[in-house]
1. Give the range 166-190 a look and list any residue that's in contact with a Gly (Cβ under 8 Å, 6 or more places away or on another chain), more than 21 Å from PHE115 (Cβ to Cβ) and touching a residue at least 40 places away in the same chain (Cβ under 8 Å), or say none.
2. For the list (1) within 28 Å of ASN287 (Cα to Cα); (2) of a type outside the set (A, V, I, L, M, F, W, C); (3) assigned to a helix (DSSP H, G or I), I need the number of the one condition that SER120 fails.
3. Just checking, which of GLU579, GLU593, GLU586 is modelled with pLDDT under 95 and assigned to a helix (DSSP H, G or I)?
4. Run ALA512 past the list (1) more than 24 Å from ASP84 (Cα to Cα); (2) crowded, with 24+ Cβ neighbours inside 10 Å; (3) not polar (S, T, N, Q) and report the number of the one that doesn't hold.
5. Between ALA526, ALA573, which is touching a Leu at 6+ places or on another chain (Cβ under 8 Å), part of a helix (DSSP H, G or I), surrounded by 24 or more Cβ atoms within 10 Å (Cβ to Cβ) and among the aliphatic types (A, V, I, L, M)?
6. Take the range 350-371 and flag every residue that is buried (at least 19 other Cβ atoms within 10 Å of the Cβ) and part of a loop (DSSP other than H, G, I, E, B).
7. What do you reckon, is LEU44 buried (at least 24 other Cβ atoms within 10 Å of the Cβ), in contact (Cβ under 8 Å) with a residue 60 or more places away in the chain and of a type outside the set (Lys, Arg)?
8. Check ALA431, ALA436 and return the single one that is modelled with pLDDT under 90, over 30 Å from SER298 (Cα atoms) and surrounded by 13 or more Cβ atoms within 10 Å (Cβ to Cβ).
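The values are calculated or read from the model by the stated rules, or taken from the named source; none is laboratory data. The model shown is predicted, which means the values in this text are computed figures rather than measured ones. So basically every Cβ, Gly included, is an ideal-geometry build from the backbone, and we count neighbours across all protein chains shown.
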Amino acid sequence: MTACRAADRPRLDAPRDLILVTIDTLRADRVGVEGGPHDVTPTLDELGRQGAVFLDATAHAPLTVPSHASILTGRYPTAHGVHDNAGFMLSDRVPTLAAMLHDAGYHTAAFVSSFVLRGSTGLARGFEAYNDRFEGMGRSHVTVSSLERRAPEVAREAARWIASAPRPFFLWVHFYDPHAPYDPPPAFAAKFSGRPYDGEVAAADFGVSLVIGALSPERRRETVIVATGDHGESLGEHGESEHGILLYDATLHVPLIIQGPGVQSGLTVREQVRHVDIVPTVLDLLNVRTRESFDGLSLLPVMGRVSSPPTKTKVATRVGAGRGAQLAPPLQSPSYAESRFGELHFGWAAIRSVRDGAWKYIDAPDPELYDLESDRAELENRKALREATATGLARALALMASRGESATAAPSTVDAQTAERLRSLGYVGGAMTLGARAGGDPKQEIGSYDAYVKAFNSSLSLLETGRAREAETKFRALTRSFPRAFEAHQYVGRALAARGAYDEAVVELDLAIALAPREPTLYFDAAKTLASAGRFDAAFDRVAAGLRLEPASFDGWMTRGLVSRAAGQQNAAEQAYREALKINPEIGFAHLELGRLAETRGHREEARNEYRLALDLDSTLTDARAAMDRIR
């Protein structure tokens, strides 16, 4: 429960390098050395045989951005302030591993596979190079699901960086492949026929092999390698088909492997460890000093011996538990986790959990307690039978959850003022039941959530294939069933805009903003729609509001460029596109727009150069190819 500092040790004469690999949505039971099948992760398995395997590692949120924020800061979500993939950015007041290592003389780079981890989330701080390039960047409507890259592509770019990287270096590589929908590359789909999730995991493992293979034998011996999943995946357990809502081990138990100098080969650690322990551990392994504090502890002490299975011991006073509480043995610390997705997106209750390796307590409207030694699947709620244990863990959880709350912004809630705003936007009378299911227990809502996801994805397919009216009808149905789900209103707005109903679209987008005022993409969507309607002053206001929330958003600056160009402000448009390229130099669409501006001014050679750059970066830009042919 107390913060720690990495050991104050002198720097090494020959500093060690560090590679951190995070694989999105990776269940621990799909990694061979973690007890999974032996045909899915040969690279991770070999890494584990050469290093330390942690059989009981835990994540702190079943969502990508909050989980990576914990991995990269050594802090719980309550301390780093990132609680969801949407509407939260890591504060520059929270130190990151990259920043600490950069200050210690390390060269730093990151290669990520999903738009959700774009640099403007704050995770890029401390990295000299942050590669978040995706085909399609900068187009009129950015969607998280469409902006992702396969593991081999990302791994090859990371391998090229390694080939010329100055030392010492810290490299973070993120693979998104195992995330739904499960669509492995053809070779992996054929090998894992009928096992699409395993095929995606295998593709990510192949990416790991390409990254590690870029190291010479000499450099490999001097490199600490850490591999983990950001969270797991619930493949139907407890009624959840993916992740994000519930806090069972299907989504919180993750693999963790550490290999390299200072790590005993062939070590198996059975004690509970946590994502927040990664930062202090690698700082110890690298002999890098810091005065920063963490929620995690260095794992070097527990890595110095072969561990035995965790046992239940009474240490009630250590975390303020009541008499008879069963908590962790001395080398273990409780692990905090939270899911606020249901709260922030649907108005259900936030849920939190504390886990000590032997017991797990989930704080929800209907609280749960599980004996992890005898009930790994978490099927038998023991709260009624072990009230003292539940009470002790509940007290520990309350203490952990309260830390840092004053430093993080409160979520949007549909209070009386917001309800009035919604009614002013046209939702009057009984059109919206704002209180429906408010504060409900997410585990009781999981069936309706899965139905929502299926309906949303079906509607999105209609929109992306040009069937805007059908999509609008389906998205509207979702807004009636889930009135607090801002994404449903956002996509009603997008469907309306796609068929030219701009004023109606703005109403829906403003409604979404009222529900989620911290989400920048909503402001950018509204700005584009207002510009299409010729309402330029309002459009500039919306894009400015979005950029205040996410100043380093390439999407925001591209939006400002599009609005400026529509308003006839060519110089302002050019300046905005160039600002977007400063943030991310590989936005092909920005060069396409710069080419159009140059062509309008009669600067044909400059236009050709911009169109060529656009195609070099994004070969799918058919407008750039047509423009090249037109002005040859």
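1. Matches in the range 166-190: PRO168 only.
2. (1)
3. Values: GLU579 fails: modelled with pLDDT under 95; GLU586 fails: assigned to a helix (DSSP H, G or I).
Only one candidate qualifies: GLU593.
4. For ALA512, the exception is condition (1).
5. Details: ALA573 fails: surrounded by 24 or more Cβ atoms within 10 Å (Cβ to Cβ).
Answer to the check: ALA526.
6. ASP356, GLY357, ALA358, ALA364
7. Yes: the conditions hold for LEU44.
8. ALA436
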